[in-house]
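Everything below concerns the one structure shown next.
The values are calculated or read from the model by the stated rules, or taken from the named source; none is laboratory data. These numbers were taken from a predicted model, which means no experiment stands behind them. Every residue, glycine as well, gets a Cβ built from its backbone with ideal geometry; the counts of neighbours run over all protein chains shown. What goes into the accessible areas is simple: the full protein's heavy atoms, side chains included, and nothing from ligands, DNA or RNA. Shrake-Rupley method; radii C 1.70, N 1.55, O 1.52, S 1.80 Å.
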Amino acid sequence: MTTDVYRPKFHFTPLSNWMNDPNGLVYFEGEYHLFYQYHPYGMTWGPMHWGHAVSKDLVSWEHLPIALEPDEHGQIFSGSAVVDWHDTTGFFGGKAGLVAIFTHHDQDPGSERVRERQSLAYSEDSGRTWTKYSGNPVLADSRFPDFRDPKVFWHGPTSQWILILASGQTVSIYHSTNLKDWSFASQFGEGEGAHIGVWECPDLFELPVDGDPSRTKWVMLVSIGNSPEYVEGSRTQYFVGQFDGTTFKNDDEPEAVRWLDAGRDNYAGVSWSDIPGQDGRRIYIGWMSNWKYANLTPTEGWRSAMTLPRTLELASRGDQTILIQKPIAELQRLKEDGYVFENVEVEPGTQLLSTFALSSFQLEVEFELQTASEFGFKLHMSESSETVVGYVPAKQEVFVDRSRSGNTGFHADFPGRHAVQVLPQHGRIKLNVWVDACSVEVFAGEGEAVITDLLFPQEGQSGIEVYAVQGTAKLVSLRLSQVASK
Ligand code: FRU
């Protein structure tokens, strides 16, 4: 079987070879830029370059030549990009231009250790060609061998650039007025949140709460690297709090942990910089894989996709402020034939979607809880396999079970069931499910819980079924849409 059956239709993938983290996400002159950690000569992680693509709508991507290649300072690890609107760097002769801020990773000649330092590159032609700054590197700190993944943004109230990066199992924050000279501002993370691996790829941004611009909070994303003893592998946590331009203060008790995604395959995600104010969205994309098995996934010729781009919002739920994720509205235009079902009583033996055999589709459903102890969908069904997306009322839990999802044998920790608590609203539960060749993304409720998982069904496993166990569940509405290529 040719494994290009796993090539997603509406998710970003590299044309060939290995990809990991999204990098340099920036919007400029009508284009969204997506750079990414790229090994152009192999199917596994190797000397890191920045691959590059642009899009007008975050859905259709144009692949561009490699933007940054390793040099005398080392490999090009993750980082960000900004528009230097007022030429604070002096790179652009008074005009606006793009600046990438990334990690140079090499071996410290004076010791056995690796060395990670931050550097700049700039582009005067909308990202088509890049010049590395002659003064590189611009930020180093020999206390931390892991000192990487700078995310930079302009902080209006204090009129300066802010840089946040991962430093061991903390993040460090720096200030600058020209992107070249950085001064230390603060460190966050000691004793806060989860510390089950090295911290990576932080992001920090402000969002209105419940859409009210007069009430804002700051969100910090922190990815946590793979530790062999944790079955979850690499995953992303987030903090909600206050940021005054110097210090981030967590609203939660220090030991509280919030996960961005309850699935296994959403890592190293960050948000786009410079999306115009009138749009106002904070748009996020993650790498849809997991360091536990990323080098082993069964695709041929290319490896790894990005998640769907998602908007991030803050909403009150009781006395908590939580992050809400929604697939971007631009994806709606890819939806084709829709099949709608309403008010169907689902019970053991119900046959509803069994005539469909699709590999890229979206399901939007609302169930009313009745007597069933579990209900939902089976995807990629055959006699011997299925992926289950379901709800267990007694546990108030949405789950994806990929234990028998097809090709699961490439890593012992790949098969499994991933669950997250979601409270029913007025006795109902809503699921927005996007399936694309080798992935499923489940947005539950209004987007307050998400499960992102890779799946590798064998050829011929494409049945869909709505199911209920030990009783009934009412399908209030279901819309099944085929999703076209981007
Ligand atoms: C996260 C990460 C980053 C690093 C990059 C290297 O997945 O480990 O911390 O910059 O990947 O490719």
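Take segment 68-125 and flag every residue that is among the polar types (S, T, N, Q) and under 19 Å from Pro150 (Cβ atoms).
The initial filter retains those residues of segment 68-125 that are among the polar types (S, T, N, Q), namely 75, 78, 80, 88-89, 103, 107, 111, 118-119, 123.
Of everything in segment 68-125, those that are among the polar types (S, T, N, Q) and under 19 Å from Pro150 (Cβ atoms) turn out to be Gln75, Ser78, Ser80, Thr88, Thr89, Thr103, Gln118, Ser119, Ser123.
List every residue pair whose Cβ atoms sit under 7 Å apart, with the two residues 6 or more apart in sequence or on different chains, where the first one lies in segment 409-427 and is part of a strand (DSSP E or B) and the second, anywhere, is of a type in the set (Lys, Arg) and surrounded by 12 or more Cβ atoms within 10 Å (Cβ to Cβ).
The qualifying pairs are His418/Arg264.
Each row is one residue, and each column tells you yes or no for (1) within 23 Å of Val270 (Cα to Cα); (2) within 15 Å of the ligand (Cβ to nearest atom); (3) among the charged types (D, E, K, R).
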residue	(1), (2), (3)
Glu112	no, no, yes
Ala121	yes, no, no
Leu139	yes, yes, no
Pro145	yes, yes, no
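Restricting attention to segment 21-39, which residues are within 13 Å of the ligand (Cβ to nearest atom) and either hydroxyl-bearing (Ser, Thr, Tyr) or over 18 Å from Ile101 (Cβ atoms) (or both)?
Taking segment 21-39 as the starting set, the residues that turn out to be within 13 Å of the ligand (Cβ to nearest atom) are 21-24, 35-39.
Selection gives Tyr36, Tyr38, His39.
Report yes if Pro276 is part of a loop (DSSP other than H, G, I, E, B), open to solvent by 10 Å² or more (accessible area, probe 1.4 Å) and either more than 29 Å from Lys56 (Cα to Cα) or of a type in the set (S, T, N, Q) (or both), otherwise no.
Working: part of a loop (DSSP other than H, G, I, E, B): yes; open to solvent by 10 Å² or more (accessible area, probe 1.4 Å): yes; either more than 29 Å from Lys56 (Cα to Cα) or of a type in the set (S, T, N, Q) (or both): no.
Taking the combined requirement at face value, the residue does not satisfy it.
Here are Phe144, Phe92, Phe102: which of them is in contact (Cβ under 8 Å) with a residue 60 or more places away in the chain and either within 15 Å of Leu34 (Cα to Cα) or aromatic (Phe, Trp, Tyr) (or both)?
Details: Phe144 fails: in contact (Cβ under 8 Å) with a residue 60 or more places away in the chain; Phe92 fails: in contact (Cβ under 8 Å) with a residue 60 or more places away in the chain.
Just a single option satisfies the conditions, and that option is Phe102.
Among the numbered criteria (1) among the hydrophobic types (A, V, I, L, M, F, W, C); (2) away from the ligand (no atom under 14 Å from the Cβ); (3) open to solvent by 40 Å² or more (accessible area, probe 1.4 Å), which one does Ala53 miss?
Answer for Ala53: the failing condition is (3).
So Ser354 fits all but one of (1) over 29 Å from the mean Cα position of the chain (by Cα); (2) open to solvent by less than 50 Å² (accessible area, probe 1.4 Å); (3) among the polar types (S, T, N, Q); what number is the exception?
(2)
Restricting attention to segment 230-244, does a residue exist that is within 16 Å of the ligand (Cβ to nearest atom), assigned to a strand (DSSP E or B) and touching a Pro at 6+ places or on another chain (Cβ under 7 Å)?
no
State all residues of segment 279-302 that are in contact (Cβ under 8 Å) with a residue 24 or more places away in the chain and open to solvent by 20 Å² or more (accessible area, probe 1.4 Å); if no residue qualifies, say none.
From segment 279-302, those in contact (Cβ under 8 Å) with a residue 24 or more places away in the chain are 281-302; that's our starting set.
Once the filter is applied, which keeps residues that are in contact (Cβ under 8 Å) with a residue 24 or more places away in the chain and open to solvent by 20 Å² or more (accessible area, probe 1.4 Å), segment 279-302 yields Arg281, Arg282, Trp291, Lys292, Asn295, Leu296, Pro298, Glu300, Gly301.
What about Phe77, is it surrounded by 18 or more Cβ atoms within 10 Å (Cβ to Cβ), outside the structural domain of Val114 (by TED's automatic domain parsing) and either modelled with pLDDT of 95 or more or closer than 21 Å to Ser119 by Cα (or both)?
Details: surrounded by 18 or more Cβ atoms within 10 Å (Cβ to Cβ): yes; outside the structural domain of Val114 (by TED's automatic domain parsing): no; either modelled with pLDDT of 95 or more or closer than 21 Å to Ser119 by Cα (or both): yes.
The answer is no for Phe77.
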